[in-house]
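Asker: Attaching a single structure in structure tokens format; questions to follow.
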Amino acid sequence: MRALVVYESMYGNTRDIACAIGAGIAEEMAVEVEEVGTARNRIGPEIGLVVVGGPTHAFSMTRATSREDAATQQPEVEIISQGIGIREWLDRFEAPAGTVFATFDTKIDKPKLPGSAGGAAERRLRRMGYRMLTKPESFWVTAGAGPLADDEDRRATEWGRSLAATVVGATT
């Protein structure tokens, strides 16, 4: 059994979290980490866990307009996900029934701020008929362009490890 982590990232913070999640998963099972613009749209039964995440824009998953706005806010920073976002990827994604999912997001370190890209992705995946392994997880950045808050990469690795252990434990 393998895992797939698909991420969308504007400034690199969500990419870093996705890679940390992938490192945690890799302790239990094979994993591939893919940027949403080049991520596969269809998976087979060999993928037992899919983890999907992106930055929170306007309280949800990004839209083309919010991605354009983010690019203009930080013109000196190279944008990682220059094509589609998680929202568009989910529109054409297919997986076998029974595939297990988890979602995450990055958001500014203000815990009372409403909305979550991970929560929106979770709702979309549930409507598509997929099973969620756990509730969405948010990872904090100190400002719109980052950096990540202290210890978030370590926390992401631990979260990835726990996801994989749950999936592996359920199949043994």
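Asker: Under 5 Å between amide H atoms, partner at least 5 residues away or on a different chain: which partners does Phe139 have, H built in plane at 1.01 Å?
Answerer: Asp105, Thr106, Lys107
Asker: Ok, one more. Please compute, for the alpha-carbon atoms of the range 1-104, the extent along each of the three principal axes and give them in descending order in Å.
Answerer: Sorted largest first, the three principal extents are 41, 27, 23 Å.
Asker: Binning at 5 angstrom from zero up to the longest distance, how are the C-alpha pair distances of the range 38-172 distributed in percent?
Answerer: Distribution as computed: 2, 9, 18, 21, 21, 15, 9, 4, 1, 0 percent.
Asker: Check each of the GluC sites (Glu not before Pro) in the range 24-131 and keep only those in coil by DSSP with at most 11 other C-beta atoms within 10 angstrom; list them in order. Numbers along the way, then the final one.
Answerer: Working: sites: Glu27, Glu28, Glu32, Glu34, Glu35, Glu46, Glu68, Glu76, Glu78, Glu88, Glu94, Glu122; in loops: Glu27, Glu28, Glu46, Glu76, Glu78.
Loop-located and lightly packed - Glu46, Glu76, Glu78.
Asker: Round to a whole number: what % of the accessible area of the chain belongs to carbon and sulfur, probe 1.4 Å? Walk me through the numbers before you get to the answer.
Answerer: Working: 4030 of 8040 Å².
On the chain, the fraction of accessible area on carbon and sulfur atoms equals 50 percent.
Asker: A further question follows. Counting only protein chains, not ligands or nucleic acids, how are Asp91, Asp69 ordered by accessible area (probe 1.4 Å), most first?
Answerer: Details: Asp91 110, Asp69 75 Å².
Largest to smallest exposure gives the sequence Asp91, Asp69.
Asker: What is the antiparallel percent of DSSP beta bridges lying wholly in the chain, to the nearest 5? Don't skip to the end; give the middle numbers.
Answerer: Details: 2 of 29 bridges.
If I count the DSSP bridges inside the chain, around 5 percent turn out antiparallel.
Asker: Quick one: net charge of Gln82's neighbours, Cβ under 11 Å, K/R +1, D/E -1?
Answerer: On the way: positive: Arg67; negative: Glu8, Glu35, Glu68, Glu78.
Once all neighbours under 11 Å are counted, the net charge is -3.
Asker: Further question on the same structure: Any idea which of Thr62, Ala39, Gln74 is furthest toward the positive side of the dipole for the range 1-136, if Lys and Arg beta-carbons carry +1 and Asp and Glu beta-carbons -1?
Answerer: Result: Thr62, furthest along the dipole toward the positive end.
Asker: Please work out the C-alpha center-to-center distance from the range 23-77 to the range 89-133 and express it in whole Å.
Answerer: 11 Å
Asker: Which three lengths, in whole Å and largest first, does the range 1-50 cover when its Cα atoms are put on their principal axes?
Answerer: The principal-axis extents, from largest down, are 32, 25, 10 Å.
Asker: Looking only at trypsin sites (Lys or Arg not before Pro) in DSSP loops with at most 13 other Cβ atoms within 10 Å, what is the longest site-free stretch of the chain? Before the final figure, lay out the partial values.
Answerer: Values: sites that count: Arg92, Lys112.
The segment 1-91 is the longest one with no such site.
Asker: Taking the Cα centre as origin and putting +1 on Lys and Arg beta-carbons and -1 on Asp and Glu beta-carbons, what dipole magnitude results for the chain, to the nearest 20 debye? Let's see the in-between values first.
Answerer: Values: 20 positive and 24 negative charges, 166 e Å.
In debye, rounded to 20, the chain gives about 800.
Asker: Right, here's the next one. Are there chymotrypsin sites (Phe, Trp or Tyr not before Pro) in the range 54-151 that DSSP marks as loop and that have at most 13 other Cβ atoms within 10 Å, and which are they?
Answerer: Working: sites: Phe59, Trp89, Phe93, Phe101, Phe104, Tyr130, Phe139, Trp140; in loops: Phe59, Phe93, Tyr130.
Passing sites in the range 54-151 are Phe59.
Asker: Further question: Charges on Cβ only, +1 for Lys and Arg, -1 for Asp and Glu, centred on the Cα centroid of the range 57-155; of Ala102, Trp140, Gly129, which one is farthest towards the dipole's positive end?
Answerer: Highest projection toward the positive end goes to Gly129.
Asker: Of Thr157, Thr65, which has the most accessible area with a 1.4 Å probe, and how do the rest follow in descending order? Please list the in-between numbers first.
Answerer: On the way: Thr157 30, Thr65 100 Å².
Per-residue accessible area, sorted high to low, gives Thr65, Thr157.
Asker: If you don't mind, there's one more thing I want to ask. Can you list the HN-Hα couplings for the range 57-71, worked out from phi with the Karplus curve (6.51, -1.76, 1.60; θ = phi - 60°), rounded to whole Hz and with x for Gly and Pro?
Answerer: 10, 6, 6, 7, 5, 5, 10, 3, 5, 6, 5, 4, 4, 4, 5
Asker: Treat every Asp and Glu Cβ in the range 76-158 as -1 and every Lys and Arg Cβ as +1, leave all other atoms uncharged, and give the resulting dipole magnitude about the Cα centre to the nearest 20 debye. Walk me through the numbers before you get to the answer.
Answerer: Details: 13 positive and 14 negative charges, 131 e Å.
Dipole magnitude for the range 76-158 comes out near 640 debye.
Asker: Taking only protein heavy atoms and a 1.4 Å probe, what accessible area per residue, in Å², does the chain have with all protein chains in place?
Answerer: Working: 8040 Å² over 172 residues.
Accessible area per residue: 47 Å².
The values are calculated or read from the model by the stated rules, or taken from the named source; none is laboratory data. Remember, it's a predicted structure, so these values are computed and weren't measured experimentally. Neighbour counts run over all protein chains shown; Cβ positions are idealised from the backbone, glycine included. For accessibility, only protein heavy atoms count, side chains too; no ligands or nucleic acids. Shrake-Rupley method; radii C 1.70, N 1.55, O 1.52, S 1.80 Å.
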